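Input: a single structure, listed below in structure tokens.
What follows draws every value from the coordinates through simple rules; no lab data is involved. Just so we're clear, the structure is a prediction, and the values are computed from it rather than from any experiment. Virtual Cβ from ideal backbone geometry, glycine too; neighbours counted across all protein chains shown.
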Amino acid sequence: MKFIRIKTFYAGILVGLIFALAQAFLGYSWKNVYAYCTVGHSRDLILWLTLKFSEPEMAEHLIPLLSTIGVIFGAFIASKLSKEFHIIKLEKNNVITMFILGFSAAIFGLIATFCPIRLFMLLSYGDIEVLLGFLGYALGIFLTIKIMRR
Amino acid sequence: MQYLSLTYFLAISFTIGVVFGLIGHSSRFCTMAGIRNLFLFKNKEMFLGIIGMIVGGIIGFTILNFIVPTAFFDFPIFLKTKVFIKASKLLLIVIGCIGLGIISTYADACPFRMHVKAGSGNLNSIIYLLGFYFGLVYFILFLQDLIMSVFFF
């Protein structure tokens, strides 16, 4: 079966519309624009799981959200349908670097309190403060390109 | 009743995740690659994805705000609440975003794209995700109180 290849512009529009629709279904939950966040939802899931076993009364105040697991599952389905699923093997000297990169990505994401997807959704929600975040994101990418090209 | 609502939230959020995963794999969508390609190759195609996301968000929020106003608490934030008040929040946003930019460029994908890559069988990004979840736990346990006590102004 051949799978459709969507253009990025239309994919972006779809992501934005589905995000808004999901926000309407999930309702307001202690944060604005919190229908999808790669960092925040994983954090909520881990917190809920740990609290469920240690302090069950505290866990009732939290809502666990499975969306990051869903992304992995959806990408798996899509790659199986389009027959693009192939296992890329580990590079031996890359393991520790990847682990550290993931570790620091989580920490910086939690410092900023959003992942890049939620950043752009907050921008469209009218949060002007986040414009600084967009500029910072672009600045970080620009600096790294300059360093890597040398 | 509490467990009913729990299953509702779990089901809805899982569905959103699956749909985002399908879109993310079939369009190679990545926020970092959009900005990087614009700087490096002057290639606008990926950057248009970001623009599309903002446009789609504005359209969706504006339309659904009329139908379900309770879900969109103070919708245009810059009109409803005062912005640029807490200096610590701005500082944290800027620090976090510069860090996210640097890390994403070195890892060659933003966190969302890394999840998609892990789903399509890249073992390197599964190691990245392992570090990611480990980092979340580390932040909750040790760094949260430290940062709250330093950035209190």
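Numbers below:
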quantity: Positive-end extreme of charge dipole, the protein assembly as shown - chosen from A:147, B:135, A:22 (charges on Cβ); calculated: A:147
quantity: Helix runs (DSSP H) in chain B reaching 24 Å along axis by Cα, Kyte-Doolittle at least -0.5; calculated: B:2-27, B:45-67, B:87-107
quantity: Theoretical ellipticity at 222 nm over chain B - DSSP helices of four or more residues, -39500 (n - 2.57) apiece, nearest 500; calculated: -24500 deg cm²/dmol
quantity: Given charges at beta-carbon only (K, R positive; D, E negative), |dipole| of the protein assembly as shown in Debye; calculated: 1160 debye
quantity: Relative exposure of A:8, A:113, B:7, judged by other C-beta atoms within 10 Å (fewest first); calculated: B:7, A:113, A:8
quantity: Karplus-derived 3J(HN,Hα), 6.51/-1.76/1.60, for each residue of the range A:61-76, Hz, glycine and proline x; calculated: 7, 9, 10, x, 10, 9, 5, 5, 5, x, 5, 4, 5, x, 5, 4
quantity: Estimated dipole of chain A in Debye, rounded to 20 [Cβ of Lys and Arg +1, of Asp and Glu -1, Cα centre]; calculated: 960 debye
quantity: Inter-centroid distance (Cα atoms) of the range B:1-46 relative to the range A:9-86, Å; calculated: 9 Å
quantity: For q = 0.11 Å⁻¹, Debye-computed log10 I/I(0) when each Cα of the range A:1-79 counts as one equal scatterer; calculated: -0.39
quantity: Burial ordering of A:43, B:28, A:150, fewest other beta-carbon atoms within 10 Å first; calculated: A:150, B:28, A:43
quantity: Most positive-pole-ward Cα, A:103, A:86, A:130, against dipole of the range A:47-150 from beta carbon charges; calculated: A:86
quantity: Volume per residue that the Cα convex hull of chain A spans, once the total is divided by residue count, Å³; calculated: 183 Å³
quantity: Cα pair count fraction exceeding 25 Å, expressed as % - chain B; calculated: 52 percent
quantity: Measure of compaction for the protein assembly as shown (Cα Rg per 2.2 N^0.38 Å); calculated: 0.96
quantity: Spatially proximal lysines relative to residue A:83 (Cα-Cα < 24 Å; intrachain offsets below 8 disregarded); calculated: A:2, A:7, B:117
quantity: Sequence-distant lysines (8 or more away, or on other chains) whose Cα lies within less than 25 Å of residue B:89; calculated: A:31, B:80
quantity: Structure-based [θ]222 nm, chain A - -39500 (n - 2.57) summed over DSSP H runs of at least 4, per residue, nearest 500; calculated: -22500 deg cm²/dmol
quantity: Residues whose placed amide H lies under 5 Å from that of residue B:122, excluding near-sequence neighbours; calculated: A:88
